[in-house]
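Beneath this line is the structure, given in structure tokens, with notes to follow.
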């Protein structure tokens, strides 16, 4: 099971694309959105297009944590438009950060409150859950609400992984 709301982020390490390690908690001291993914996951393909919109929430750090190799991670981030506002990291096999966070499916989203506590968790792609994450992130940052996926937008309402 993924970390429950109220849980502290684990002390697991993730890698930058340069190979340097850093604690997961440093990426998500809060408020932050962590997005664990695998590039070949169909639900990730949809969610990845929406992820940069979360960077439009002032005061929210956004980090994508890949379960893929360095080249695939870089290529996927570029094709998804994750230029500014999304920190890209890797969780190399055997995926210690994913395991420590209880990630059992991709994508898995963790909204982290200030102090490094999990505020909300979502798995897979659901427009309603993505918008709920955005609303909760806006509350945490004191920002105006932001809809990251609209019913008339290109994303389906649901996408199985």
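The values are calculated or read from the model by the stated rules, or taken from the named source; none is laboratory data. Note that the structure is predicted; figures quoted are calculated from it, not measured. When we count neighbours, we look across all protein chains shown, and the Cβ atoms used for this are built from the backbone with ideal geometry, even at glycine.
Would you mention how many residues in segment 25-42 are under 18 Å from residue 143 (Cβ atoms) and assigned to a strand (DSSP E or B)?
The number of residues fulfilling the criteria is 2.
Would it be correct to say that residue 148 is in contact with a strand residue (DSSP E or B) (Cβ under 8 Å, 6 or more places away or on another chain), on the phi < 0 side of the Ramachandran plot and either buried (at least 18 other Cβ atoms within 10 Å of the Cβ) or not in a loop (DSSP other than H, G, I, E, B) (or both)?
Spelling it out, it is not the case that residue 148 is in contact with a strand residue (DSSP E or B) (Cβ under 8 Å, 6 or more places away or on another chain), on the phi < 0 side of the Ramachandran plot and either buried (at least 18 other Cβ atoms within 10 Å of the Cβ) or not in a loop (DSSP other than H, G, I, E, B) (or both).
Could you say whether any residue in segment 103-116 is farther than 19 Å from residue 5 by Cα and touching a residue at least 40 places away in the same chain (Cβ under 8 Å)?
No, that holds for no residue.
Considering every residue within segment 71-89, establish whether at least one is touching a residue at least 60 places away in the same chain (Cβ under 8 Å), part of a helix (DSSP H, G or I) and under 17 Å from residue 47 (Cβ atoms).
No: zero hits.
Restrict the check to segment 128-144 and report whether at least one residue is surrounded by 17 or more Cβ atoms within 10 Å (Cβ to Cβ), assigned to a loop (DSSP other than H, G, I, E, B) and either touching a residue at least 60 places away in the same chain (Cβ under 8 Å) or touching a strand residue (DSSP E or B) at 6+ places or on another chain (Cβ under 9 Å) (or both).
No, segment 128-144 contains no residue that is surrounded by 17 or more Cβ atoms within 10 Å (Cβ to Cβ), assigned to a loop (DSSP other than H, G, I, E, B) and either touching a residue at least 60 places away in the same chain (Cβ under 8 Å) or touching a strand residue (DSSP E or B) at 6+ places or on another chain (Cβ under 9 Å) (or both).
Using beta carbons and a limit of 6 Å, which pairs, at least six apart or on different chains, have the first residue in segment 45-64 and on the phi > 0 side of the Ramachandran plot and the second one surrounded by fewer than 21 Cβ atoms within 10 Å (Cβ to Cβ) and in a helix (DSSP H, G or I)?
Note: pairs meeting the criteria are 59/141.
Under the condition of being over 19 Å from residue 95 (Cα atoms) and within 11 Å of the chain's Cα centre (by Cα), which residue from segment 58-76 is surrounded by the fewest Cβ atoms within 10 Å (Cβ to Cβ)?
Selected residue: 61.
Does segment 50-57 contain at least one residue that is in contact with a helix residue (DSSP H, G or I) (Cβ under 7 Å, 6 or more places away or on another chain) and surrounded by fewer than 17 Cβ atoms within 10 Å (Cβ to Cβ)?
No, every residue in segment 50-57 fails to be in contact with a helix residue (DSSP H, G or I) (Cβ under 7 Å, 6 or more places away or on another chain) and surrounded by fewer than 17 Cβ atoms within 10 Å (Cβ to Cβ).
Filter segment 6-16 down to residues that are at pLDDT 90 or above and part of a loop (DSSP other than H, G, I, E, B) and give me whichever is surrounded by the most Cβ atoms within 10 Å (Cβ to Cβ).
Only one residue tops the list, namely 9.
Just give me the residues in segment 114-123 being at pLDDT 95 or above and either crowded, with 20+ Cβ neighbours inside 10 Å or over 10 Å from residue 36 (Cα atoms) (or both), in sequence order.
Step one: list which residues in segment 114-123 are at pLDDT 95 or above, which gives 118-123.
Those that are at pLDDT 95 or above and either crowded, with 20+ Cβ neighbours inside 10 Å or over 10 Å from residue 36 (Cα atoms) (or both): 118, 119, 120, 121, 122.
Is it true that residue 132 is at pLDDT 95 or above, farther than 18 Å from residue 61 by Cβ and within 16 Å of the chain's Cα centre (by Cα)? Show your work before the answer.
Values: at pLDDT 95 or above: yes; farther than 18 Å from residue 61 by Cβ: yes; within 16 Å of the chain's Cα centre (by Cα): yes.
So residue 132 fits the description; yes.
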